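What follows is a short report on a single structure.
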Amino acid sequence: MTSVSPSLAGLYDVIHRRRDVRAEFTGVPIDDQALTRMLEAAHAAPSVGLSQPWDFVLVGDRDVRRAFYEHVQSERLVFAGQLQGEQGERFARIKIDGILEASLSIVVTYDAERGAPSVLGRHAIADAGLYSVCLAIENLWLACTAEGMGMGWVSFYREEFLTGLLDIPDGIRPVAWLCVGPVSHLEAAPDLERHGWRQRIPLDDVLHTDRW
């Protein structure tokens, strides 16, 4: 990286250190003030029409987390059944969640009716509200990294199962189950690279000018 100011260097350092954490959680409780800062950072994300269509469900209950963990493991088996040969062997070595090890789980949801019917900027792109929720998740992820903690996004689940598990109201869509908490360390490379699942694409391979 070219020479930049300390504040810029700190920002880029957090962006590049961020990892999708699975195995490194220590289970140490999260400091309340740090958790508030992280949630405030998520809530400060940009959103289409200033709709702020997200909610955050903090899940600490061990029974709830165990029920979700068991559901995730069943979905892992579904995916594993689609793999063959070396790919299946690689996947068998990959840990897909830190649900039971993390200090806390945070479920982020999307409410398409918030600010409706006239959400400024959403009339032509219906998914703009969903994109807004993803920006809040990224803010949370970077804040978590800056606080010296880790976060992992669990995606091996069926939305209807999670909706029922957490009594999420009709019309509210669960977007992410996030495992959050202090970690022993952050890996130098993402897990999927370390396990040989995929390699990062160079920037030049995805960069276009004026037209595709």
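Picking from 113, 86, 75, which residue would you name as being out of contact with any Lys or Arg (no Cβ under 9 Å at 6 or more places or on another chain) and either in a helix (DSSP H, G or I) or modelled with pLDDT under 95 (or both)? Only one candidate qualifies: 86.
Somewhere in the stretch 131-145, is a residue in a strand (DSSP E or B), touching a strand residue (DSSP E or B) at 6+ places or on another chain (Cβ under 6 Å), of a type outside the set (Val, Ile, Thr) and surrounded by 11 or more Cβ atoms within 10 Å (Cβ to Cβ)? Within the stretch 131-145 (the criterion being in a strand (DSSP E or B), touching a strand residue (DSSP E or B) at 6+ places or on another chain (Cβ under 6 Å), of a type outside the set (Val, Ile, Thr) and surrounded by 11 or more Cβ atoms within 10 Å (Cβ to Cβ)), the answer is no, since none of the residues qualifies. Close contacts from the stretch 11-26, counting a first residue that is assigned to a helix (DSSP H, G or I) and a second that is of a type outside the set (Phe, Trp, Tyr) and surrounded by 18 or more Cβ atoms within 10 Å (Cβ to Cβ), with Cβ to Cβ under 6 Å and a gap of 6+ residues or different chains, come to 14/142; 14/145; 14/146; 17/145. Taken together, 64, 107, 78, 72 contain a single residue that is more than 25 Å from residue 24 (Cβ to Cβ) and either in contact with a helix residue (DSSP H, G or I) (Cβ under 9 Å, 6 or more places away or on another chain) or among the β-branched types (Val, Ile, Thr) (or both), which is 78.
Taking the stretch 131-168 as the range and being free of Cβ contacts under 8 Å to residues at least 60 places away in the same chain and within 21 Å of residue 48 (Cβ to Cβ) as the test, only 134 passes. When you scan the stretch 37-68, how many residues do you find that are part of a loop (DSSP other than H, G, I, E, B), closer than 18 Å to residue 175 by Cα and of a type outside the set (Gly, Ala, Ser)? Looking only at that region, the number is 3. Of all residues in the stretch 188-209, those that are within 25 Å of residue 97 (Cβ to Cβ) have Cβ atoms under 7 Å from Cβ atoms of residues that are in a helix (DSSP H, G or I) and of a type in the set (Lys, Arg), 6 or more apart or on another chain, in 195/90; 196/90; 197/90.
The values are calculated or read from the model by the stated rules, or taken from the named source; none is laboratory data. Model, not experiment: these values are computed from the prediction. For neighbour counting, all protein chains shown are included, and Cβ atoms are generated from backbone atoms with ideal geometry for every residue, glycine included.
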